[in-house]
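I have placed the structure first, in the form of structure tokens, so that the comments after it can refer back to it.
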Amino acid sequence: MKKMKLTYQFITLGISALIFLIVQGCNRDETKHRKNHPNVILILADDMGMGDLACLNGGKTQTPNLDQLVEESVWFSQAYSASPVCAPARAALLTGKYPHQTDCITLNMRRYPEFTRMDKDLATLGDVFVENGYATGLIGKWHCGIGEGYHPNDRGFQEFEGFRGYMVPSYFDYQLDINGSIREFDDQYLTNDITRRAIDFVTRHQDEPFFLHLAHYAPHRPIEAPQERVDHYLDKGFDESTATIYAMIEIMDRGIGKLIKKLDNLGIRENTLIVFSSDNGPDPLAGERYNRGLRGTKYTVYEGGIHVPFLVNWEGHLKPAHKEDVIQFTDVFPTLVDLCNLQLTDSIDFEGGSMAGLLRGKEENNLPERRYWQWNRGVPYYSHNATMRKGKWKLVRPYVTRVEPDGESEQKAVLYNLEKDPSEKHDVSKENWRVYQNMKTRLEQWTREMEYSRLKED
């Protein structure tokens, strides 16, 4: 009897040991999986320019959390949106394609529904992360399509808490679409609400890989903020509009700080990749403010309209660095595919390239040599507000109008040397005639490619 009891104990111990080894092995596999598939938080401000960061404006604003991220991240000083306005920029960010290839090329979703909807056949970042076992969420601004099949829940985002259009009536009285159900809020400030929802998302998904697109509305119109913070900037001598915008940015910065602190408290900061940028430059209708001397604003393809802040942070994995390589929103998708070891069900012909090598401190640059932009309301007129950059050279077909143009522009294309003239004041086409002609030809070629893609038969 005693012998049987000892045998039973040995069997029990053996089973326990086997279970322990299996659990340990599963834990190791899970740890390896999480390490190879980091969480991603893609943060996008709205109408925030290069001159809105305190570290770049001599302390005009208060952005301590973003300033710290700049110090701790890979910072790209030559980073560009894919468009000088929000909807096309967001479509390019989410697909890795130029806006014209996505069908999302202008702003007003009701006046131009066919020009503000991302092609349903295009895979989005949300789609690919879901296919790779991630929980996906979009909190904040969508602006990439209304109508059946164009809701964020249909485009790869399992959770959506935000607004689908491009205008919110008030930061203090607004509606949010919560996974297709509309709710009204008038008891809090929108930016703080978005922060709270982002923190809730990462808390609920802390034990699984997640992709969160945090699409802030600040500092987009309407220009509104708690008066106490506005007064702080009024006391510093800023006009009402600028003071309010700076207050809006400060509150957004404070929320980003809270989100990062939550990652630290949950113990997942080192397994979370953070990307921060803005969809385009400052809105001229909100008043003029400091933007580091860059020419132009939102709506224009001059530097002030498309040159945006951009950083990538992955604590413990990416060494802080300052990069001067020219990057664009079309590079974000292929970069995340590489950094997160994502598998693509179907191959994607990205217009951008991967920044992964640059982020890891390698010298090779596999990014496209040439970059392109164009925007006008309605049907594209590529003689309006179009540009190409190659190295230090930037060719511009000038901005004509913010309203819908009535035909092709006859204004002459101009050439700038951004190394010597970052403010785009001096046309150097005569002194660099071969460069000028070559870039004009390349831009025209890109125009034809974009129109062929946009007008392709179903």
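The values are calculated or read from the model by the stated rules, or taken from the named source; none is laboratory data. In this text the structure is predicted, and so the values were computed from the model without any measurement. Ideal geometry is used to build each Cβ from the backbone, glycine not excepted, and the neighbour counts take in all protein chains shown.
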If a residue has to be touching a Phe, Trp or Tyr at 6+ places or on another chain (Cβ under 8 Å), closer than 21 Å to His151 by Cα and either charged (D, E, K, R) or outside the structural domain of Glu161 (by TED's automatic domain parsing) (or both) to count, how many in the range 171-189 make the cut? 2
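Per-residue answers, yes or no, for (1) of a type outside the set (A, V, I, L, M); (2) under 21 Å from Asp47 (Cα atoms); (3) surrounded by fewer than 24 Cβ atoms within 10 Å (Cβ to Cβ):
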{"residue": "Ala91", "(1), (2), (3)": "no, yes, no"}
{"residue": "Leu94", "(1), (2), (3)": "no, yes, no"}
{"residue": "Tyr98", "(1), (2), (3)": "yes, yes, no"}
{"residue": "Pro113", "(1), (2), (3)": "yes, no, yes"}
{"residue": "Asp127", "(1), (2), (3)": "yes, no, yes"}
{"residue": "His151", "(1), (2), (3)": "yes, no, yes"}
Is one or more of the residues making up the range 265-274 farther than 29 Å from Tyr372 by Cα and charged (D, E, K, R)? yes
Looking only at the range 391-432, filter to residues that are more than 27 Å from the chain's Cα centre (by Cα) and small (Gly, Ala, Ser); which one of those is nearest to Glu303 (Cα to Cα)? Ala413
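Rundown of residues vs (1) of a type in the set (Gly, Ala, Ser); (2) in contact with a strand residue (DSSP E or B) (Cβ under 6 Å, 6 or more places away or on another chain); (3) part of a loop (DSSP other than H, G, I, E, B); (4) free of Cβ contacts under 8 Å to residues at least 24 places away in the same chain, yes/no style:
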residue: Gly353; (1), (2), (3), (4): yes, no, yes, yes
residue: Asn365; (1), (2), (3), (4): no, no, yes, no
residue: Arg371; (1), (2), (3), (4): no, yes, no, no
residue: His426; (1), (2), (3), (4): no, no, yes, yes
Taking the stated definitions as given, is Thr242 farther than 28 Å from Phe333 by Cα and in a helix (DSSP H, G or I)? yes
Could you check, for the range 290-298, whether at least one of its residues is part of a helix (DSSP H, G or I), of a type in the set (A, V, I, L, M, F, W, C), crowded, with 19+ Cβ neighbours inside 10 Å and not assigned by TED's automatic domain parsing to the domain that holds His426? no
When the range 190-204 is checked residue by residue, the ones that are surrounded by fewer than 21 Cβ atoms within 10 Å (Cβ to Cβ) and either of a type in the set (S, T, N, Q) or not in a helix (DSSP H, G or I) (or both) are Asn192, Thr203
Check on Ala87, hydrophobic (A, V, I, L, M, F, W, C) and closer than 26 Å to Thr401 by Cα: yes
